[in-house]
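Engineer: So that we are looking at the same thing, I have put the structure below in structure tokens.
The values are calculated or read from the model by the stated rules, or taken from the named source; none is laboratory data. Bear in mind that the values here come from a model prediction, so they are computed numbers and not experimental data. Glycine gets a Cβ as well: all are built from the backbone with ideal geometry, and neighbour counts include every protein chain shown. Heads up: the accessible areas ignore ligands, DNA and RNA and are worked out on the full protein's heavy atoms, side chains in. Shrake-Rupley method; radii C 1.70, N 1.55, O 1.52, S 1.80 Å.
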Amino acid sequence: MHNLIALTGIQQLCLNEMQKNMQMLKSKTLLEHKFSLRMKRKYMIFLFIRAIIILSFISFIGFTYYTYGLGNKIILEETIVGQNLSQEEITPLVISSNVHIFYYPWYKSEIFDGRYGHWNHRMLPNWKVKYERVQPPHKPPDDIGSNFYPKLGPYSSSDPKVLNKHMEQIKYSGAGVLAVSWYPPNLELENEEPVDNIMLKILDSAQNKSLQVTFHIEPFKNRSGENIVKVIKYIIDTYGSHKAFYRTLYNGKLLPLYYLYDSYQISSFEWSKALSHEGQFSLRNSKYDGIFLGLLARQDHMNHLAASNFDGFYTYFAIDGFEYGSTFRNWALISAEAKKLKLIFIPSIGPGYVDTRIRPWNDRNTRKRSNGQYYRAAFLAALEVKPKFLSITSFNEWHEGTQIEPAVPKTFGNYRYEDYLPRSEDFYLRLTQSFVKEFIQQLNNSRQIG
């Protein structure tokens, strides 16, 4: 009996000890469970923070990728112009000989040329006012005939350093061809600067940067069918063998391309003498043949261009709504009509327009740049009609404020020049580069579909 009682006591002690151990084990398990939950929460927070960091890094890389032109997206943020073009040589991301940019070589400086030219542009009278008082010309270097002030100051177009910098900037913009404003020697209109004497400099400088040059032939004295033939022959005989002289494939032939400004000023009868196959002085099927582009301003100019035997046309003016040809919403109709007539249509786009420093009465035609939005609207309108060529007005037409060349803030007396702020001084070069990339992509897609 005592033994049984003793055994029962021991069993009770063991049972009690087992219960204590079980209780301790349960408490330990509960503690470990709580600790595990706490660690899991901390670990989940760690993973969440790490994910945010990784996503931020990926976004930064992706943004940088598109920002500097390595992607196809058009970016209008300040980050795309965070660096200025200070290097001696800048390799462009893309360049296209189907993108032509209008270039003006008429500037002169006192330091390089002994006098100013074009920077001292006079105020032009309003042709609608019969007796308007003649205004004095501008007085460089601080007072110039432009609403913007160039980063290079009132430079000389003949200065090799200026030419080198211009070619570097144009190359960076992606435009592969300069359409140089040009007058035949000794046939310049009144008050215009001779430019033929520096064409070889321009061609040599362009060649050094792997660019090409075509001629934007301005109205000249005694312009006629016969004289345009003489002018074309002069261009080919003088410059046609230069490596930078632009030619492109057209109807199975490698031909030079010419822009002819204000072509509507002479009759289709006169143009046909040079441009028709049956013309009296025909250039066709000769070594002087080419692609001849007239200017489309008004709607009725289309018939004039076709009757004149032009190969196509361009719109030039960077003023939406100024003329029929420069109005963006008309480009689809113009493109369709050009296809019917088998004419090349080259829309011209520009970053804006303002010329009130030489035409103070013309503020109604001012088109604000809006930090690149106006330029982008023009580009998208051009892209919509799927052109083979694109022209840009302009690299450096400072009088009319269409330039993409770098400009800087400046004040002169009570006058404050316009600038590109809050964008950087080379913003429009970079923006043009993004447009050229989009344009090239569209051309490539069209070829693949075709």
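Engineer: To the nearest 10 square angstrom, how much accessible area does Glu190 have with a 1.4 angstrom probe?
Structural biologist: Per-residue accessible area (Glu190): approximately 150 Å².
Engineer: Could I ask something else about it? Would you list Trp271, Trp106 from the most to the least accessible area, probe 1.4 Å?
Structural biologist: So, going from the largest accessible area down, we get Trp106, Trp271.
Engineer: A further question on this structure: Describe numerically, in nm with one decimal, the distance between label points set 7 Å from Cα along Cα→Cβ at Asp142 and at Asn362.
Structural biologist: About 2.7 nm, to one decimal.
Engineer: Under 20 Å between alpha carbons, and skipping anything fewer than 8 positions from Lys243 in its own chain: which aspartates and glutamates qualify?
Structural biologist: Partners found: Glu168, Asp196, Asp204, Asp289.
Engineer: Turning to a different aspect of this structure: Could you compute the FRET efficiency for Asp419 and Gln207, with r as their C-beta to C-beta distance and R0 at 30 Å, rounded to 0.05?
Structural biologist: Working from the Cβ atoms, E equals 0.40.
Engineer: Something else: Distance in nm between label sites at Ile111 and Gln373, each 7 Å beyond Cα in the beta-carbon direction?
Structural biologist: That separation, rounded to one decimal, is 3.8 nm.
Engineer: Ignoring ligands, DNA and RNA, what percent of the 1.4 Å accessible area of the stretch 333-450 is carbon and sulfur?
Structural biologist: 50 percent
Engineer: While we're looking at this one, here's another question. Accessible area of the stretch 245-301 with a 1.4 Å probe: how many percent of it is carbon plus sulfur?
Structural biologist: Accessible surface attributable to carbon and sulfur in the stretch 245-301 totals 49 percent.
Engineer: May I pose another question? Residues of the stretch 131-191: accessible area per residue at 1.4 Å, in Å²?
Structural biologist: Value for the stretch 131-191: 40 Å² per residue.
Engineer: How would Arg357, Arg329, Arg122 rank on accessible area, largest to smallest, probe 1.4 Å?
Structural biologist: Result of the area sort, largest leading: Arg329, Arg122, Arg357.
Engineer: Checking the cross-link filter: which aspartates and glutamates have an alpha carbon closer than 12 Å to that of Lys273, excluding same-chain neighbours under 8 positions apart?
Structural biologist: Within the straight-line cut-off, Lys273 pairs with Glu226.
Engineer: For Ile170, Ile95, write out the residues from largest to smallest accessible area, computed with a 1.4 angstrom probe and no ligands counted.
Structural biologist: Ranked list, largest accessible area first: Ile95, Ile170.
Engineer: Zone of Tyr234 (label point 7 Å along Cα→Cβ, backbone N under 13 Å): which residues in the stretch 193-224?
Structural biologist: 194-199, 217-224
Engineer: Here is a further query. With every protein chain left in place, what is the accessible area of Asp300 in Å² (1.4 Å probe, nearest 10)?
Structural biologist: Ignoring ligands and nucleic acids, Asp300 comes out at about 80 Å².
Engineer: Next question. Ser109 accessible area, nearest 10 Å², 1.4 Å probe?
Structural biologist: Only protein atoms counted, so the area is about 10 Å².
Engineer: Kindly report the accessible area of the stretch 304-450 per residue (heavy atoms of protein chains, probe 1.4 Å, no ligands, DNA or RNA), in Å².
Structural biologist: 39 Å²
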